[in-house]
Amino acid sequence: MSPIPTTTPKFINPRAKFNFQGRTCSIAGVGSYVPARVLTNAELEKSVNTSNEWIVSRTGIKERRIAAKDEFTSDMAAHAARRAMEMARVTPEQIDLIIVASITPDMPFPSTACLVQQKIGAHRSAAFDLEAACAGFIYALEVGQQFIMSRTYDTVMVIGAEKLSTIVDWQDRNTCVLFGDGAGAAILQNRPNSHGLLTAVMGADGRKSDLIFMAGGGSRCPATADSIAGRRHYLKMEGKETFKSAVQAMQTAAQEALRRCQIDISRIKCIIPHQANRRIIDAVGERLGAKPEQIFINLHKYGNTSAASVAIALDEAVHSGRVQAGDLLLLVVFGAGLTWGAAVIEW
Ligand SMILES: CC(C)(COP(=O)(O)OP(=O)(O)OC[C@H]1O[C@@H](n2cnc3c(N)ncnc32)[C@H](O)[C@@H]1OP(=O)(O)O)[C@@H](O)C(=O)NCCC(=O)NCCS
């Protein structure tokens, strides 16, 4: 029997067919962290040939945060994790698994998740990293969800964290104005007072892997004097094509997630899109038939923080009161790979 008393069902729970016997994967706590240093568009005007007017009109970004030299992805992740634990009232010993989504891990190995485990004292937990670029947080949610619903684990920490300032080419005006640093975290648990994560769509298209990439540092192009001189340890992006693919993929993913739950867009209280570009968000919102007031936007403050983006936005939406118990949320993301994803959550 469902633990949630309902007279007429409000929606279909696609996971019900798996006979989870009332188990849910709820987000019991969220937290985020951004570094103190604010980098404004006016400052960027001094280092590359750009203008505040261009950046705001083409992207919506006004400023972004930049981590300190001695502040690493794992530090930001640990701050966000502690805040999520506080909200969920979870102790470090309770955490069974930590998943960190990032394209800027502290090191190629060990995983940033292991470093976070040590920093927050979650010594009992398993820990691994997941790489799906800007779609990483939804990928991590869906992976973490599997462990909760299968009863493998009771408490999973999912984190999106990035220090993109270390892979941005600060001489390239096409990309350097877009990105920032930060982290967001969520604790997943079975809390049958809500349906929690109803569904998550994940997608990828490796044929478009050359739209956003960083060639240097992997096994194909290890660090050499030449690779450094050739600036191959910086992110490269084909902006226009990425823009088109992002709009298309986010629309398709969101519609598929809503279709699975038989939820009309008008019933979504808060849409939390990947915060890459205001024009991408507006185009996706329009194609979905969403009203502007349904869409949560914070990219003017942080720019694109990749895997941390929707995690930070979710935390801010919850803590600003935009999201209340029982509300339906739609998260929708897009990133290098290409990768994309969408999730429907009953809060
Ligand atoms: C990058 C992006 C903002 C560029 O906007 P756009 O409207 O497509 O701009 P264009 O590529 O047409 O460039 C227009 C002109 O602005 C110039 N330009 C690019 N960056 C600039 C900057 N920071 N300041 C001033 N001019 C800039 C270009 O050089 C180009 O000049 P040209 O016409 O003389 O060649 C946009 O394509 C975008 O957001 N793409 C998706 C990026 C993204 O989301 N990536 C992450 C995915 S997870």
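The values are calculated or read from the model by the stated rules, or taken from the named source; none is laboratory data. What you see is a predicted model; the values in this text were computed from it and never measured. Ideal geometry is used to build each Cβ from the backbone, glycine not excepted, and the neighbour counts take in all protein chains shown. Protein only, heavy atoms only, side chains kept; ligands, DNA and RNA dropped before computing areas. Shrake-Rupley method; radii C 1.70, N 1.55, O 1.52, S 1.80 Å.
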In Å², nearest 10: area of LEU314 left accessible to a 1.4 Å probe: 0 Å²
Ordering of 113-119, 88-94 by packing [mean C-beta count within 10 Å, highest first]: 113-119, 88-94
Within the chain, percent of DSSP bridges classed antiparallel, to nearest 5: 70 percent
Within region 189-302: Cβ-based charge dipole about Cα centre, in debye rounded to nearest 20 (Lys, Arg +1; Asp, Glu -1): 120 debye
In degrees, nearest ten, helix 239-261 long axis to first principal axis of the chain (Cα): 0 degrees
Relative contact order (%) - criterion: Cα under 8 Å, at least six apart; region: region 43-141: 25 percent
Solution diffusion estimate, µm²/s, Stokes-Einstein, the chain, Kirkwood Rh from C-alpha pairs, 4 °C, viscosity 1.567 mPa s: 64 µm²/s
Area of ASP96 that stays accessible when all protein chains are in place (1.4 Å probe, Å², to 10): 20 Å²
Segments 41-47, 297-303 sorted - mean Cβ within 10 Å per residue, highest first: 297-303, 41-47
For region 215-268 and region 99-175, distance of Cα centres in Å: 16 Å
Estimated distance in nm for a label pair at ARG58 and THR8, the labels positioned 7 Å out from Cα along Cα-to-Cβ: 5.0 nm
Per-bin percent of Cα-Cα distances, region 140-233 [5 Å]: 2, 10, 14, 14, 15, 13, 11, 10, 6, 3, 1, 0
In region 126-221, the chymotrypsin sites (Phe, Trp or Tyr not before Pro) that fall in loop regions by DSSP, at most 15 other Cβ within 10 Å: TRP170
Solvent-accessible area, 1.4 Å probe, carbon plus sulfur percent, for the chain: 53 percent
Percent of beta bridges antiparallel (DSSP, region 94-194, rounded to nearest 5): 45 percent
